[in-house]
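Each remark here refers to the structure printed beneath this line.
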Amino acid sequence: MRLLFLTATRIGDAVLSSGLLGQLIDDNPGIEVTVAVGRLSAPLFAAVPGLERIVVIDKQSYNRHWLRLWRRTAFRYWDLVVDLRGSVIAYLVPAGKRYVIGKRQPGRHRVEELGDLVADPRRPGPPPAPRLWLAEAVKARAAEMLPDGPPVLAVAPAANWMGKTWPVERFAELALRLTGEGGILPGGRIAVVAAPHEVFQTRPVLQAAGARGVDLVAAGDLLLAGACLQRAAFFVGNDSGLMHLAAAAGTPTLGLFGPSPEARYRPWGPHAAYVRTPESFEALTGAPGFDFAARACFMESLTVDAVEAAARYLWAKASTPPRSRAEPPVPPPG
């Protein structure tokens, strides 16, 4: 059997699609997998079980990238085609079953939308959660970068748009609180994660961390970053691809939201949570003539106290042993 899996260019969306891919692989043992994906997200799929090849999609003018993809996929038979880009490719290649994403569903999380594609009423349950496939060599490199020792607080102070980036000096203050005396990770290391071009946004956090700081910007490779995040005890960051990567790694993950919809893009998983500005997404972005470029930051109203309270709540929840889940829940912050 052969599967053609066409997924997103953006890292966050690609991570969220990994659960669907994983379920299809689990349901079809021995299936050969071809992943068509944007260059930024391609490394995420390097260790997918049954991977035959990765076809990198580089966007070109006049949609020529779709013609190029068609030429590379049209002359073989696919038992399954999954198109999460809503293109025409799924209908132009010979295939058995086709699953093509439709219009966005208001109020539905992206993971739920993807799960709807292959939902089977005979197998009820939650949608397939995002996952990471990590080679042993990648795990070994991550262990070198984050060796055993004091617990690690991973911080991701950057994002693909400055408007949804919490002020970096607040990240620095939060990191010191969470790893200070009385924090959730007293004496912990502070690992800063970002893309290489975002290094300037990490400096205030690393400077505040001093000798306890770990610069993971050098990790570069997405899978290596994911393996490092898997070794962290806790993650806090803006709504970003790294946030979704941390949640997929199983690390307790707190995402910070303002001018992006948490209903659709909150981190997914049993140990994931979010905290947002006092203003809702609709209140921030719904005014007539709203311009996303009008302000450098829409996150100023989110205080360090509010994020610290949310982090403590998530930490207490994630630290509760499974046998104690029936006990009264930890009160939410505020």
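The simple spin-label model puts a point 7 Å past each Cα toward its Cβ; for ARG72 and GLU144 those points are separated by 3.0 nm.
For the range 140-324, the alpha-carbon coordinates run over 52, 42, 30 Å along the three principal axes, in decreasing order. Applying 1/(1 + (r/R0)^6) with r as the Cβ-Cβ distance of HIS197 and ALA135 and R0 = 30 angstrom yields a FRET efficiency of 0.70. How much net charge surrounds GLY19 when only the other residues with a Cβ under 14 Å from the Cβ of GLY19 are counted, with Lys and Arg +1 and Asp and Glu -1? Surrounding charge for GLY19 is -4. Of the beta bridges in the chain, as assigned by DSSP with both residues counted there, near 0 percent are antiparallel.
Residues whose amide H falls under 5 Å from that of ARG276, counting only those 5 or more places apart or on a different chain, are PHE257, with hydrogens built in the peptide plane. Please report how far the C-alpha centroid of the range 230-247 lies from that of the range 38-54, rounded to the nearest whole angstrom. When both Cα centres are located, 20 Å separates them. What share of Cα pairs, in percent, lie more than 32 angstrom apart in the chain? When all Cα pairs of the chain are counted, 32 percent exceed 32 Å.
With a simple spin-label model that places each label point 7 Å from the Cα along the Cα-to-Cβ direction, the separation between ASN160 and ASP291 comes to 2.3 nm.
The Rg/Rh ratio of the range 149-217, with Rg taken over Cα atoms and Rh as the Kirkwood radius over Cα pairs, comes to 0.96.
Label the range 2-117 by shape, choosing from rounded, prolate and oblate, from the square roots a ≥ b ≥ c of the eigenvalues of the Cα gyration tensor; if a/c is under 1.5 it is rounded, and otherwise prolate applies when a/b is larger than b/c, oblate when it is not. Rounded, because the longest to shortest axis ratio a/c is under 1.5. When each of HIS65, HIS244, HIS197 is scored by the number of other beta-carbon atoms lying within 10 Å, the sequence from fewest to most is HIS197, HIS65, HIS244. The value of relative contact order for the range 44-200, using C-alpha pairs under 8 Å at least six residues apart, is 15 percent.
Karplus-derived 3J(HN,Hα) values for the range 137-147, using 6.51 cos²θ - 1.76 cosθ + 1.60 with θ = phi - 60°, are 5, 5, 4, 5, 5, 5, 5, 6, 6, 10, x Hz; glycine and proline are entered as x. By the count of neighbouring beta-carbon atoms within 10 Å, fewest first, SER240, SER87, SER61 end up ordered SER61, SER87, SER240.
Taking amide H as placed 1.01 Å from N in the peptide plane, the amide H of ASP79 sits under 5 Å from that of ARG2, GLY96, each at least 5 places away or on another chain. Using just its DSSP H runs of length 4 or more, each adding -39500 (n - 2.57), the chain gives a mean residue ellipticity at 222 nm of -9500 deg cm²/dmol after division by all residues. Computed on the chain, with alpha-carbon pairs under 8 angstrom and 6+ residues apart, the relative contact order is 15 percent. Spatially, the range 290-309 and the range 258-283 are offset by 12 Å when compared through their Cα centroids. Reducing the range 119-145 and the range 192-213 to their Cα centroids gives an inter-centroid distance of 27 Å. Going from the fewest other Cβ atoms within 10 Å to the most, the residues LYS103, LYS97 appear in the order LYS103, LYS97. For the range 2-117, averaging the sequence separation of C-alpha pairs within contact (under 8 Å, six or more residues apart) and dividing by the residue count gives a relative contact order of 27 percent.
Throughout, read-outs are computed from the coordinates displayed, never taken from laboratory work. None of the values given here were measured: they were computed from a predicted structure. FYI the Cβ positions are ideal-geometry reconstructions off the backbone, even for glycines, and counts take in every protein chain you see.
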